[in-house]
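Take a look at the structure below.
No value in this document is a laboratory result; all are computed from the given coordinates. As the structure is a prediction and not an experimental result, all values here were calculated from the model. Cβ sites come from the backbone with ideal geometry, for glycine too, and all protein chains shown count toward neighbours.
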Amino acid sequence: MNWVLLVIAGIFEVVFASCLGKAKEATGATAAWWYAGFFVALTISMGLLVKATQTLPIGTAYAVWTGIGAVGTALVGILIFKDPASFWRVFFLTTLIGSIIGLKAVSH
């Protein structure tokens with residue numbers, strides 16, 4: 001169950017980073033709503049990370065959490081914010097995904 005919580009925490013990391021990107025593009029009340037979304041997603045992400053680390057090794061949990069956040073945020077950047085999707089960028093995102101799966105596979 002804590003692996004599921006950790007994955008959800010990683011997804012909320014992507015959400016809070018994406019909210020920052022949208023807030024940067026917005027002005028006035030719209031920006032305030034994006035910042036509010038950032039704080040809500042940040043709180044949920046951190047809370048779930050704390051819960052997951054109660055039974056999972058901290059090094060593994062943190063690496064998986066940041067890996068999910070990094071890959072997810074990079075994909076959101078490519079798909080939504082029109083960041084470049086060069087061969088090397090996609091290659092290294094793929095290796096990062098492989099590393100996250102590997103950490104899960106070797107963790108007890």
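Tabulated data
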read-out	value
Potential lengthening between LEU96 and ALA63 on full extension [0.36 nm per residue; Cα-Cα distance subtracted]	10.8 nm
Segment MET1-ALA32, length gained on full extension (0.36 nm per residue, minus Cα span)	7.7 nm
Tilt relative to the chain, helix 2-25 - C-alpha long axis, 0 to 90 degrees, to 10	20 degrees
Formal net charge of residues neighbouring TYR35 (Cβ-Cβ distance under 12 Å; K, R +1; D, E -1)	+2
Distance-filtered residues of the range 1-28 - backbone nitrogen under 13 Å, label point 7 angstrom along GLN54 Cα→Cβ	1-3, 5-6
Gyration tensor over alpha-carbon atoms, the chain, equivalent ellipsoid semi-axes in Å	26, 20, 7
Eligible lysines near LYS24 by straight Cα distance, threshold 17 Å, same-chain separation 8 or greater	LYS82
